[in-house]
Amino acid sequence: MSYKNNTNHLFLQVLRWGCWLLLILLVSIVRAQTQPWKISGFNILAQKQDGVAITIDQFSAAGYNLQHIKYRCPKNIQIYPIHRCDNAQLSLKLNNQPYEVMLNTLFDANSRFWELELSSLNQEISLKANAASNAVKVMLQSIELNDFFSGNEGVLKDINGLITANLLANISDLTVQTEDPLSFNQFSYEYSEDVVFFELGGQASFQFDGLQQQLTVEIEISKGEMLFESLYADFSQFPLAIQLTVELNGDFDYDIKAQITNQQSMILDIHIIVDQQFNWLIPETKLDVKDTHHFNQQILNSILGIYGFGNTEMSGGFKARLLTDDGKLTFFQIDFNDYYVLNQKRKIQVDALQGQVFWSFKQPSQDSILNWQALLLAGMPIKAAQADFNLSKDVFKLLGEHVFPVFDGAIKITEFSADKLFADSIGMSLEAKIEPISLKLITEKLAWPEMAGTISGAIPGMVKKDSVIEFLGALQLQVFDGQMRVENLSLERLFGVAPVIAADVTFEGFDLALLTETFGFGQITGKLSGIINDLRITNWKTDRLDAHVFTVKTKGVKQTISQRAIDNISSLGGIKGAISKTFLRFFDDFRYNRIELSCKLHNSVCEIGGLKNQDNQFVIVEGGGIPKINIVGFVRTINWSEFISRLLNANYDN
């Protein structure tokens, strides 16, 4: 059969072969079998020296445009009915992007069999296909992802990394899958300043079903780092196994369901909807943390540190489930299992926490219950107890009467509720009282000078505005056998950075014997009253006050001051009244008429006053009886820190 006499027949066979070749090169063009296509400028040239060449000016199908297609076999061998060529070359332009590949081809028109091995010039990409199978095998060797996505103008254009894989593409059912796990290294991608993946490494398997528009993926990440907003992870210390399915949801959105597992500490199930602009919504999230110590070290601690709760310790486990609607949280449930947390800086600790917390925004939620072995809030210990409450929409309500043991007393809450939880100003309703608690235990816990007596009283209602809790009424307390009234009390950032407590305080009838016993100052008897206005304590240190304290003569109550108390008052600086080196040292105590002292603290300096303020002189203790002892001050200003240091560190034993 001569070449000339069979030109038309050969054209049809080669055209069919050429179409198969092009479809194999681009799996996505397989759709061209059932869609219109166009070919122009088809030529065949055979020469002894140059071998066989086939050229096509243009081939269009399925939205793709191939130009300047040139196939060349270096040997002058027959084209029909059997064509076999090793080391053939194919060059073309796809959408104006040039490509060159090497080919090993076999075409047998008699048996209608063909076989093709195709590879890029640098051997990074290879394909194998034949007529006996609908599968195309694709081999990728250290492919640079940046080159692969270089023509993409969307969010994927800045992907970097290397991939090695063996893939199988099935032309008949439009599936692509890994033959064995692919490996990836140095994978880096920056979506935004706070979503960054750096130098990831691991392996993955996947299967894509083009007919069903479904992708299933299994990924193991064992190298690299990630920053996802405030979350940081080092995968060399926290390796992950990821299983996910991706389905086309409508015309534009992708429905993703993923399970992310760290074998030691956690399982995360997450449902994500992503659009073509890479915007996402997360309708449902489930988190099961079985080892919070490990999870906190590797994941949570980076988030907590941003909010001032770094170096938090944890153990035990918890589970959480969250639902959202249009990006807004509508439901959550948290289950605690023998959970422990400690932050020494914030003075917060929970031991053996058990229970469930429910919240729903759209409808009333299930009641919640928590119990613990020990609880520490702002340094105050609460013994084993249970809390029953309901958290629905923007309302919190404690269910029934609760008694929380604190030291040797308790806080008894008859009613507590809070509404407008998500507003700037939160309303609170409270009916509670403090049952007598030993001041000795409180001051020991706070590392203050030991105080005698107890504290008890009623707690007024509260309102929260931003980070400030304001008490709506006066806090009535019984302290040192007297009465204390705390008004305009506010607490700002109580568990946060640099907490601030502000109040105006009045008290009356304090037993001076109990008060001075607290400091080991030397005994003073009598009744003490006073006013402390504009009190402010920042980060647990007093930095502002306007105080005025004085004794009040009370029938049946002696007013005496011991020699030791006089000496210790004199040791504070700028005060005269020491008697230890005079004949008066033989007296144990002395009577007095009145004690009065004032301090206006501002900018760390206390302006001191007392009785009979004249120029730089004032009287603190006005003596009475015989012998008569007056204690007089001659320094009207003193550094507050120095004054407190002397007060707390005076050598009282001497």
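Solvent exposure of segment 395-552, expressed per residue, is 48 Å² of accessible area, with all protein chains present and a 1.4 angstrom probe.
Distance from the Cα centroid of segment 330-378 to that of segment 277-301 is 18 Å (rounded to whole angstrom). Hydrodynamic estimate: the Kirkwood radius of the chain over Cα pairs, inserted into Stokes-Einstein at 20 °C and 1.002 mPa s, corresponds to D of 65 µm²/s. Each part reduced to its alpha carbon centroid, segment 189-204 and segment 226-272 end up 13 Å apart. Rolling a 1.4 Å probe over the protein heavy atoms leaves residue 481 with an accessible area of roughly 120 Å². Each pair of Cα atoms in segment 215-306 enters the Kirkwood radius, and Stokes-Einstein at 25 °C and 0.890 mPa s then converts it into a translational diffusion coefficient of 172 µm²/s.
Excluding same-chain residues fewer than 8 positions from residue 555, which lysines have a Cα within less than 19 Å of its Cα? Partners found: 527.
Computed per residue of the chain from DSSP H runs no shorter than four, each worth -39500 (n - 2.57), the mean residue ellipticity at 222 nm is -2500 deg cm²/dmol. Residues 642, 596, sorted by accessible area with the largest first, give 642, 596 [1.4 Å probe; ligands and nucleic acids excluded]. Close amide H contacts of residue 235 (hydrogens built in the peptide plane, cut-off under 5 Å, sequence separation of 5 or more or a different chain): 224, 225, 226. Provide the FRET efficiency to the nearest 0.05 for the residue 288-residue 122 pair, computing r from the beta carbons and using R0 = 30 Å. For residue 288 and residue 122, the calculated efficiency is 0.05.
Against the longest principal axis of the chain, how steep is helix 640-649, in degrees 0 to 90 to the nearest 10, with axes from Cα atoms? Roughly 70 degrees between the two axes. Heavy-atom accessible area for residue 290, with the other protein chains in place and a 1.4 Å probe, reaches approximately 130 Å².
Each of 271, 294 has its accessible area taken with a 1.4 Å probe; listed largest first, they run 271, 294. Using a probe of 1.4 Å on the protein chains alone, the accessible area found for residue 68 is around 120 Å². Protein heavy-atom surface of segment 396-483, 1.4 angstrom probe: 58% of the accessible area is carbon and sulfur, with nucleic acids and ligands not counted. For the chain, relative contact order (Cα pairs under 8 Å, six or more residues apart, normalised by length) works out to 4 percent.
The values are calculated or read from the model by the stated rules, or taken from the named source; none is laboratory data. Computed from a predicted structure; not experimentally measured. All Cβ positions, even for glycine, are placed from backbone atoms using ideal geometry, and neighbour counts span all protein chains on display. Side chains included, ligands, DNA and RNA excluded: accessible areas come from the protein's heavy atoms. Shrake-Rupley method; radii C 1.70, N 1.55, O 1.52, S 1.80 Å.
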